Amino acid sequence: MQSLDIPQSSSNPEVVHSARVLVIEDEELIREMVVVSLQEEGYEVTTATDGRTASHLLQSGEPTTKEFPFDLIVLDLMLPRVNGLDICRWLRYQGSIVPILILSAKVTETDRVLGLEVGADDYITKPFSMPEFIARCRALLRRQRNYASPQAPTKQFRDVMLFPQECRVTVRGKDITLSPKEFRLLELFIGSPRRVWSREHLIEQVWGPDFLGDTKTVDVHIRWLREKLEPDPAQPEYIVTVRGFGYRLG
Ligand code: CA
């Protein structure tokens, strides 16, 4: 087990820890490879080999605050006891915005879309290359830090308020829970009202240039965002489809 002591830094009090990654994977060989690669990156790694242990670790911190003990979750889907999709669903239901990268032997599109729909941010199928895995972890951690940037002011579109520093969104005065990808999408839209975004451009901005999935991923996230924002998701007025081009706000 790792020590919970945090090194004191007098020169920069903002830097209190390196990124903390929880790896939830029951296959020993994959788990060991992933852990070694993450540690070589300088990350603090904690492991769980079944769903119930993982759930206990995740419940040790408040999911929506800075006290949450992990910055990234690497999650296998086929796990003993509690499966990965349920863990993912639970975290999002609790309001956690921690980035989740799914590792899975399941390769069909339905499985991938299901993983994204329950709130995962990225999906990589086994077998995968370690450099690609690390690149995706880095990208998720980087984007997580980016939208928590301290200079960002509050943004508003009609009755939607986005608070970048708090990673928080309210609609008609009420807090709503967005996944990191949904948050980033909304942040892009609000940052450039009426701009038309192509699916390819949204993927580049939100998922990164190394994303290997297809543009249906964007449609899935837009649908989820609409369900959370729109008074009538069947007749969207906030995130509008521009036929043949993509999407725009308003
Ligand atoms: Ca497994």
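Tally up the residues in the range 18-48 that are in a strand (DSSP E or B) and more than 16 Å from the ligand (Cβ to nearest atom), please.
Of the residues in that region, 5 qualify.
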>> Taking the conditions exactly as written (under 17 Å from the mean Cα position of the chain (by Cα), without any contact (Cβ under 8 Å) to a residue 24 or more places away in the chain and in a loop (DSSP other than H, G, I, E, B)), does Pro209 satisfy them or not?
In response: yes
> Of Glu187, Glu227, Glu204, which residue is closer than 30 Å to Glu40 by Cα, part of a helix (DSSP H, G or I), open to solvent by 10 Å² or more (accessible area, probe 1.4 Å) and not assigned by TED's automatic domain parsing to the domain that holds Gln94?
Replying inline: Glu204
>> Being buried (at least 17 other Cβ atoms within 10 Å of the Cβ) and closer than 18 Å to Ala19 by Cβ narrows it down to one residue among Val118, Val98; which is it?
In response: Val98
> For the range 237-250, which residues satisfy the criterion of being surrounded by fewer than 18 Cβ atoms within 10 Å (Cβ to Cβ) and over 18 Å from Val169 (Cα atoms)?
Replying inline: Val240, Thr241, Val242, Arg243, Gly244, Phe245, Arg248
> Restricting to the range 207-221, what's the tally of residues that are at negative phi and surrounded by fewer than 21 Cβ atoms within 10 Å (Cβ to Cβ)?
Replying inline: 10
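Being within 16 Å of the ligand (Cβ to nearest atom) and surrounded by 13 or more Cβ atoms within 10 Å (Cβ to Cβ), is that true of even one residue in the range 132-150?
Yes, the range 132-150 contains at least one residue that is within 16 Å of the ligand (Cβ to nearest atom) and surrounded by 13 or more Cβ atoms within 10 Å (Cβ to Cβ).
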> Any idea which of Ile97, Ile87 is farther than 22 Å from Leu212 by Cα, within 16 Å of the ligand (Cβ to nearest atom), within 14 Å of the chain's Cα centre (by Cα) and touching a residue at least 60 places away in the same chain (Cβ under 8 Å)?
Replying inline: Ile87
> assigned to a strand (DSSP E or B) and within 14 Å of the ligand (Cβ to nearest atom): does that describe Leu75?
Replying inline: yes
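The values are calculated or read from the model by the stated rules, or taken from the named source; none is laboratory data. Every value quoted in this text rests on a predicted model; they were computed, and no experiment measured them. Note that we place each Cβ from the backbone using ideal geometry, even for glycine, and neighbour counts take in every protein chain shown. Please note that ligands, DNA and RNA were not included when accessible areas were found on the heavy atoms of the full protein model with its side chains. Shrake-Rupley method; radii C 1.70, N 1.55, O 1.52, S 1.80 Å.
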